[in-house]
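The values are calculated or read from the model by the stated rules, or taken from the named source; none is laboratory data. It should be emphasised that the depicted structure is a prediction, and the values quoted were computed from it without experimental measurement. Glycine gets a Cβ as well: all are built from the backbone with ideal geometry, and neighbour counts include every protein chain shown. We work out accessible area using only protein heavy atoms, side chains counted, and drop any ligands, DNA or RNA first. Shrake-Rupley method; radii C 1.70, N 1.55, O 1.52, S 1.80 Å.
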Amino acid sequence: MSNTVIQVENVAKQYRLGEVGTGTLSHDLKRWWSQLRGKGDPYLRIGEANDRATKGNSEYVWALQDINFSVQKGEVLGIIGRNGAGKSTLLKILSKTTSPTTGNIKVKGRIASLLEVGTGFHPELTGRENIYLNGAILGMTRREIQGKFDEIVDFSGIERYIDTPVKRYSSGMYVRLAFAVAAHLEPEILIVDEVLAVGDAEFQKKCLGKMKDVSVSGGRTVLFVSHNMAAVAALCDKGLLMKNGRVDLFSDINNVISTYLTHAKVESDGFVRFDGTEKERFGEKQYARFSSIELQDVEGNTTDLFSMGEKMVIRLEADVSRTSDDFEIGIGIGNLHEVFLHYLVSTWEGVSSINKKGRTEIRVEIPRLLLFPGHYLMNIWICIKGAYYDDAIHNAINFKVEEGKLNGHDTYFERFSKNTQVYTPSQWTIS
């Protein structure tokens with residue numbers, strides 16, 4: 001028997017812009033006349049791609065087009081993409097709160113969805129009454145709901161307000177109770193949109209742990225939409241990257257996140273190597289100002305692709321207007337979640353003086369690059385006496401690390417890279 005619980009085939013969703021409702025009588029008559037003649041709907045063929053950045057000429061837009069993927073039992077699928085990419089529309093179709101314009105969706109099992117604050121709650125009913133209402137919607141008996149009731153209330157942390165109408169709840173209380181209900185009433189499929197961002201950090205961590213638990217221990221399937229890439233990476237096995245209403249990539253979650261964040265940097269900044277512009281830059285610039293950065297391999301070639309264990313040279317150029325014996329030059333190396341893994345600081349290596357004005361080259365050598373395969377970025381800065389930034393550039397350059405050799409052996413570290421990103425040399429003795 002197949003373990004596929006969600007099968008999405010050629011799904012598309014079209015909306016009409018500027019109006020609420022099904023359209024006009026003239027459009028309905030044209031559709032009807034086309035159907036009588038055995039032809040397709042004329043309005044389905046004039047829709048445009050869902051690119052929110054362009055105006056377009058049609059009054060119709062495809063929110064989704066040509067969506068195809070499948071999800072297996074027990075998988076946690078992260079769905080990511082920029083605002084307007086079609087993520088929420090896809091979840092609404094999967095949750096059956098709206099229907100696709102074309103295509104088919106096959107779902108095996110009960111679905112619990114948390115798409116918007118207050119989804120599935122009746123505002124006039126109390127929290128207690130809404131728990132029973134949601135359970136009934138999922139097809140559970142009253143006895144089954146009673147067996148889970150105390151656990152739901154305890155997880156939500158709002159026991160004091162459980163007999164208060166939910167219309168009086170804050171958005172955070174709404175989310176707490178809604179997630180507790182969705183996660184504990186044992187649906188086969190749990191769908192969670194960005195709504196968890198409303199909760200506080202402690203509750204978000206609690207929810208992520210619960211979603212991991214229901215997938216690993218309970219064998220349930222989770223679909224998770226979030227802009228928090230660290231949370232997506234920690235929770236999900238596979239990823240679906242959406243762009244302009246289409247599936248851009250369906251793959252391993254690390255590959256999907258790296259592709260998304262790399263493209264996002266290029267699209268928003270227009271560069272992956274600092275070239276003297278003012279983007280993401282701050283500082284007093286009274287002593288020195290960076291003018292360029294480049295990375296070089298062991299042979300001195302400028303590149304942004306390195307093998308694990310390979311030598312890397314970081315070459316900075318700065319225009320120095322005032323000399324000093326108290327410079328601190330720093331480089332931060334982080335992943336694309338902006339979690340920094342290494343700091344290289346000149347004063348830690350006994351270098352703090354720049355004694356000439358004008359163009360100055362700063363060269364930093366890393367004998368062995370001990371980063372796991374993936375995409376990385378660098379921040380660079382110059383400080384005076386560590387008191388303030390004289391010049392600092394965020395995301396000065398991006399680079400990629402691929403599999404390589406350590407001590408003459410192939411690394412094959414891809415299977416570890418979801419949980420850690422830095423290799424630490426060690427000495428082993430077996431006796």
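Key figures
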read-out: Accessible area (Å², 1.4 Å probe, nearest 10) - His375; value: 50 Å²
read-out: Glu202-Glu9 FRET efficiency (beta carbon distance; Förster radius 41 Å; 0.05 resolution); value: 0.55
read-out: Violating pairs (Cα-Cα greater than 23 angstrom) within the set Lys167/Lys210; Lys92/Lys238; Lys148/Lys206; Lys148/Lys212; Lys108/Lys243; value: Lys167/Lys210; Lys108/Lys243
read-out: Segment 98-170: GluC sites (Glu not before Pro) falling in loop per DSSP and having at most 14 other Cβ within 10 Å; value: Glu124
read-out: Alpha-carbon Debye profile of segment 147-257, log10 I(q)/I(0) at 0.11, 0.16, 0.22, 0.24 Å⁻¹; value: -0.39, -0.77, -1.25, -1.41
read-out: Inter-label distance, nm, simple model (7 Å from Cα along the C-beta direction), Leu305/Asp163; value: 6.8 nm
read-out: His342/Ser70 FRET efficiency (R0 41 Å; Cβ-Cβ; nearest 0.05); value: 0.55
read-out: Heavy atoms of Ile152: accessible area, 1.4 Å probe, square angstrom to 10; value: 0 Å²
read-out: Accessible area, probe 1.4 Å, largest first, for residues Glu349, Glu284, Glu188; value: Glu349, Glu284, Glu188
read-out: DSSP-loop trypsin sites (Lys or Arg not before Pro) across segment 340-409, with at most 16 other Cβ within 10 angstrom; value: Lys356, Lys357, Arg368, Lys385
read-out: Computed lengthening from Arg359 to Trp33, 0.36 nm per intervening residue step minus Cα-Cα distance; value: 110.0 nm
read-out: Heavy atoms of Met173 accessible to a 1.4 Å probe, total area in Å² rounded to 10; value: 40 Å²
read-out: His227-Ser291 pseudo-label distance in nm [points 7 Å out on the Cα-to-Cβ vector]; value: 3.8 nm
read-out: Calculated FRET value between Thr98 and Lys400, using beta carbons and R₀ = 35 Å, to 0.05; value: 0.35
